[in-house]
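Structure record follows, encoded as structure tokens.
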């Protein structure tokens, strides 16, 4: 090999080395964002599960209150029927007092401002469902973002092996798409509906 050929070969190796360093940096940046997307996605998934359990608990409590309210209302209706057949004024007064107590209990079970009446439980359950849906939307965006970063890393790695620079540009473009989905997940998870 002549000195000129050796010099060209060295220049080519140095040029390839500079490209490989750039590709390695691209892979490192994509891996960093992948780690962020995975962490944010796991957090959103955990929040979605937490809010789902909370909503389920609240709906179960709502159902228990509903059953109790209907039981009290049934007892009240039965007592009202019985009181129509009662002639003793003391018994009739006791029945009226009990009916009044049960009606107040039924009303409180249905609506207890500042408490946990059925209306308040329904509102809390719906809020928990809304928070679950937001968390799920975030999770889906972070999953798409994560997939984009992974594909970008694979394409950048393929650039090193094949030397086809178009793969590096494609890798960077897909990485930008990953960043966009990560930003949507962070700032406007319900702006784009994936599922």
List pairs: first residue in region 182-195 and over 12 Å from residue 142 (Cβ atoms), second residue modelled with pLDDT under 85 anywhere in the structure, Cβ distance under 6 angstrom, at least six positions apart or on different chains. none
Tally of residues being without any contact (Cβ under 8 Å) to a residue 12 or more places away in the chain and under 20 Å from the mean Cα position of the chain (by Cα) across region 14-49: 6
Would you confirm whether any residue within region 59-81 is part of a loop (DSSP other than H, G, I, E, B), more than 30 Å from residue 46 (Cα to Cα) and touching a helix residue (DSSP H, G or I) at 6+ places or on another chain (Cβ under 9 Å)? no
Hey, among 160, 153, 184, which residue is in contact with a helix residue (DSSP H, G or I) (Cβ under 7 Å, 6 or more places away or on another chain), closer than 25 Å to residue 26 by Cα, modelled with pLDDT under 95 and assigned to a helix (DSSP H, G or I)? 160
Taking the condition assigned to a helix (DSSP H, G or I) and closer than 30 Å to residue 157 by Cα, does residue 30 pass? yes
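The values are calculated or read from the model by the stated rules, or taken from the named source; none is laboratory data. Note that this is a predicted model, so its numbers are computed, not measured. All Cβ positions, even for glycine, are placed from backbone atoms using ideal geometry, and neighbour counts span all protein chains on display.
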